[in-house]
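Working notes, beginning with the structure itself.
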Amino acid sequence: MAIGPIGLLRQATSEQRRTLAAAALGWMLDAFDAMLYALVLTRVMRDLGMSKATSGLLYTLTLLASGMGGVLFGFLADRIGRKRALMLSILTYSICSFASGLSTTVLMLAVFRFILGLGMGGEWNTGATLVAETWPDEFRAKAMSVVQSSWAIGYALAALVSGIVLHYANWRYVFFVGILPALITLWIRHRVPESEMWTEHQKHEPQGGSFDFAQGRSRTRGNESFFALFRAPYRKSSIVLLLLNFFGLFAWWGLFTWIPPYLSLPVEQGGRGLGIMGTTTLLIVLNLFGMFPGYVSFGWVADHLGRRKSFMLYTFAAALLVPLYAMARSPAVLLVLGMIVAFFGTGFFSGSGIIGSEIFPTRLRARALGFTYNGARTMSSIAPYVIGRVGQAKGLSWAFYLCGAAFFLASLMATQLPETRGRSLE
């Protein structure tokens, strides 16, 4: 059935719309807080005396923590509920964003960014799981793409806010604004329903502990062994999805962590010399007209072509386009190519929650998404440091070629995914 985003919302119940709004707002504000660092990076580097390599290392710590947070909050979501885990993750990254503005040393900033990463990683899989279990099969891919698209809005909002705040104040006030997402938890607590699928599953789980002699492991309520992800029938899918997300996230974080300083740094320092407002304008356009439609479109494309072919299309296109972007010089070419790179290079992430939700059952879903997506974030946490280090030695343009290679490896991994289009959740 052909249906657009507006029609999708009209088809939904009020409870489904609220879960969609909660997950989308959480992910949007996650992006807002996470990307503030990249947007003020040149100022922080100057004031705290950080090199490109050290600056990248701090982002690496955030991504490392996000992988841990994804697994941690995945267990919490399977145990205490999707809604409570979502609220806790939002509070974590909001408070630590504010605290980042109080940093007077690199070590203080590193600690706050690490804890922020825990909440940042936990938000994605808790919100995605809540939506996947609330929306019907025929609309699931589209709904989750709408959720994922909110990252682009959050990134664009962060670019706008940082551009305005930096015009009148220093980088610390940009981080202070990051406390505002905490307010959304008040609405979630009172207005967003818990997943009925999770609630029903909890009722049928054993109340106490038991031992499964056939499998040789203990079972407790809502707490099946994490290692079930590495047993049949989930083993291959877990590994393939983990590696696809790893290569995709390496490329994304390596590229988009360094695009703001790449655009704003002077030409003699390997940048493009656009200045604060020029960079802000370019980033807003890149997000709203590149990332946002890329995220949203994936759900519709995945329903038409299938999940596997859509992954292959988006990641392979990004692999071809990133080197062209790295060679671009004029603002107009950077603008046009940047939007296309952002469309394909970020759009495929909508598929991670879609296919992951369809592969794994309710008893494992939140922790499976946490592991395959945020575990990949942990593995890809080296990307900002590696790209910063290579950029320091050879220039950021050359370093971006590594991101193109990573997108190509992601497309190869996509060929090994199962096709789950039309599958009902278990």
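Quick test for you: out of M50, M35, pick the one residue that is farther than 30 Å from P136 by Cβ and outside any helix (DSSP H, G or I).
M50
I'd like to know if the range 344-363 contains one or more residues that are more than 23 Å from A31 (Cβ to Cβ), buried (at least 18 other Cβ atoms within 10 Å of the Cβ), touching a Ser or Thr at 6+ places or on another chain (Cβ under 6 Å) and charged (D, E, K, R).
yes
Looking at the range 284-308, which of its residues are over 19 Å from A143 (Cα atoms) and free of Cβ contacts under 8 Å to residues at least 40 places away in the same chain?
none
When you go through (1) more than 30 Å from A128 (Cβ to Cβ); (2) modelled with pLDDT under 90 one by one for L324, which number turns out not to apply?
Every condition holds for L324 apart from (2).
Only one residue in R113, R140 is in contact with a helix residue (DSSP H, G or I) (Cβ under 8 Å, 6 or more places away or on another chain), under 30 Å from L8 (Cα atoms), in a helix (DSSP H, G or I) and not small (G, A, S), so which one is that?
Only one candidate passes the filter, namely R140.
For the range 369-378, indicate whether the set of residues that are within 18 Å of E133 (Cα to Cα), surrounded by 24 or more Cβ atoms within 10 Å (Cβ to Cβ) and in contact with a Lys or Arg (Cβ under 7 Å, 6 or more places away or on another chain) is non-empty.
Scanning the range 369-378, I find no residue that is within 18 Å of E133 (Cα to Cα), surrounded by 24 or more Cβ atoms within 10 Å (Cβ to Cβ) and in contact with a Lys or Arg (Cβ under 7 Å, 6 or more places away or on another chain), so the answer is no.
Okay, residues lined up against (1) at pLDDT 85 or above; (2) in a helix (DSSP H, G or I); (3) touching a strand residue (DSSP E or B) at 6+ places or on another chain (Cβ under 8 Å); (4) not aromatic (F, W, Y):
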site	(1), (2), (3), (4)
T185	yes, yes, no, yes
E194	yes, no, no, yes
Q202	no, yes, no, yes
R221	no, no, no, yes
F250	yes, yes, no, no
T257	no, yes, no, yes
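Could you run through the range 158-175 and say how many residues are in contact with a helix residue (DSSP H, G or I) (Cβ under 7 Å, 6 or more places away or on another chain) and either surrounded by 18 or more Cβ atoms within 10 Å (Cβ to Cβ) or among the small types (G, A, S) (or both)?
Residues flagged as in contact with a helix residue (DSSP H, G or I) (Cβ under 7 Å, 6 or more places away or on another chain) and either surrounded by 18 or more Cβ atoms within 10 Å (Cβ to Cβ) or among the small types (G, A, S) (or both) within the range 158-175 amount to 10.
Among the helices (runs of 4 or more DSSP H) lying completely within the range 328-394, list those that include at least 3 residues that are β-branched (V, I, T).
Fully inside the range 328-394 and qualifying: 331-347, 350-359, 383-394.
Can you go through L57, L61, L88 and tell me which one is touching a Ser or Thr at 6+ places or on another chain (Cβ under 8 Å), in a helix (DSSP H, G or I), buried (at least 17 other Cβ atoms within 10 Å of the Cβ) and not charged (D, E, K, R)?
None of the others qualify; the one that does is L61.
Please name all residue pairs, on different chains or six or more residues apart, with Cβ atoms under 7 Å, provided the first residue is in the range 79-96 and is at positive phi and the second residue is in a helix (DSSP H, G or I).
Short answer, once both residue conditions are applied: G81/W198.
Could you tell me which of the residues A318, A302 is under 21 Å from the mean Cα position of the chain (by Cα), in a helix (DSSP H, G or I), modelled with pLDDT of 90 or more and under 27 Å from S162 (Cβ atoms)?
Sole residue among the options that is under 21 Å from the mean Cα position of the chain (by Cα), in a helix (DSSP H, G or I), modelled with pLDDT of 90 or more and under 27 Å from S162 (Cβ atoms): A318.
So, in the range 29-86, of the ones that are in contact with an Asp or Glu (Cβ under 8 Å, 6 or more places away or on another chain) and of a type in the set (A, V, I, L, M, F, W, C), which residue ends up nearest to L369 (Cα to Cα)?
Top of the filtered list is F73.
Every residue, every condition in (1) of a type in the set (G, A, S); (2) at pLDDT below 90, yes or no:
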position: G81; (1), (2): yes, yes
position: A85; (1), (2): yes, no
position: S97; (1), (2): yes, no
position: V106; (1), (2): no, no
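Between residues in the range 8-25 that are crowded, with 19+ Cβ neighbours inside 10 Å and residues that are part of a loop (DSSP other than H, G, I, E, B) and not hydrophobic (A, V, I, L, M, F, W, C), which pairs lie under 8 Å by C-beta distance while being six or more apart or on different chains?
Listed pairs, sorted by first residue: T19/P193; T19/S195.
Checking G294 against (1) modelled with pLDDT of 85 or more; (2) more than 19 Å from the chain's Cα centre (by Cα), which single condition isn't satisfied?
Only one criterion is unmet by G294, namely (2).
The values are calculated or read from the model by the stated rules, or taken from the named source; none is laboratory data. Keep in mind that this is a model prediction, so the values were computed, not measured. Every residue, glycine among them, receives a Cβ derived from its backbone with ideal geometry; neighbour counts consider all protein chains shown.
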